[in-house]
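Take a look at the structure below.
The values are calculated or read from the model by the stated rules, or taken from the named source; none is laboratory data. A quick note: this is a predicted structure, and the numbers were derived from the prediction, not measured. Here the Cβ positions follow ideal geometry from the backbone for every residue, glycine too, while neighbour counts run over all protein chains shown. Side chains are part of the model used for accessible areas, which takes the heavy atoms of the whole protein and leaves out ligands, DNA and RNA. Shrake-Rupley method; radii C 1.70, N 1.55, O 1.52, S 1.80 Å.
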Amino acid sequence: VSGVVATLNEDNSITLSNTDGDDIIIANGSSGTAASVGFTAGTYTGFVELSNLDGSQVTIEAGSATNGYTNGTGTFADVNSLGFNEFSKAGVLEGNTVSGTALVANELKINDVLIGESLSGSATHIASAINEKTNEHGVTADANNAVTLTFDFEAQPSSNGAFKINGQAVDLTTATSAASVVTAINNAVIG
């Protein structure tokens, strides 16, 4: 790709870059392998940056009902497939569903501050690891979760028709509407 520039970093690693977003392809040459000089053969795709011509904040979000779109079916995955995270609130970087993999100490940096390990890969533990150094990096992380369900009221549960959320039983034997399911879940006082 024309326009590839190599930069020697402070830690003696090398960054290859270009300014047009074309793929950078590292391949094995006829007299040796890319690995012999420290490179991994492969095709490296580019990054996309958005900016408004007037300098105002860029907003990008899934066209979902949660984001206020009537009958919206957009998802985080739609936004992520383009290489973006949602960004619809000034000064807030919105993320996607966590992978379930715990943070390893010093693998993530926020505002030049290395983040420590997380207890697990749950959103709440990752947010806690980030928030442990809020005084240093000036960022706070919030974790939340939501599951949207649809119901089949023709398949009414039997007399012992309970199911569990986070280990707490929820009795749906008398539930006949979405509102009564919501009431049953909230009455179960799930921790």
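See the values below:
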quantity: Mean Cα-pair separation over length for the chain, i.e. relative contact order, pairs under 8 Å, 6 or more apart, %; calculated: 8 percent
quantity: Efficiency of FRET between residue 133 and residue 101 - r from beta-carbon atoms, R0 22 angstrom, step 0.05; calculated: 0.65
quantity: Residue 112 - accessible surface, heavy atoms, 1.4 Å probe, Å² rounded to 10; calculated: 130 Å²
quantity: P(r) histogram, all alpha-carbon pairs of the chain included - 10 Å bins from 0, percent; calculated: 7, 19, 25, 25, 12, 8, 3, 0
quantity: Per residue solvent-accessible surface (Å²) - the chain, probe of 1.4 Å; calculated: 73 Å²
quantity: Additional length obtainable on full extension of the chain from residue 173 to residue 81, 0.36 nm per residue less Cα span; calculated: 29.0 nm
quantity: Inter-label distance, nm, simple model (7 Å from Cα along the C-beta direction), residue 117/residue 31; calculated: 4.6 nm
quantity: Alpha-carbon radius of gyration plus Dmax, which is the widest Cα pair, for segment 91-151 in Å; calculated: 12.8, 47
quantity: Solvent-accessible area of residue 117 with every protein chain in place, 1.4 Å probe, in Å² to the nearest 10; calculated: 130 Å²
quantity: Fraction of accessible area attributable to carbon and sulfur, segment 1-157 (%, probe 1.4 Å); calculated: 51 percent
quantity: Inter-label distance for residue 145 and residue 8, nm, one decimal - labels placed 7 Å from Cα along Cα-to-Cβ; calculated: 5.0 nm
quantity: Of every Cα-Cα pair in segment 11-53, the percent that sits beyond 14 Å; calculated: 60 percent
quantity: Residue 59 versus residue 71: modelled label distance in nm, points set 7 Å from Cα along the beta carbon direction; calculated: 2.2 nm
quantity: Candidate residues 40, 75: accessible-area rank, largest first, probe 1.4 Å; calculated: 40, 75
quantity: 26 Å Cα-Cα reach of residue 89 towards lysines, excluding residues that sit fewer than 8 places from it in its own chain; calculated: 109, 133
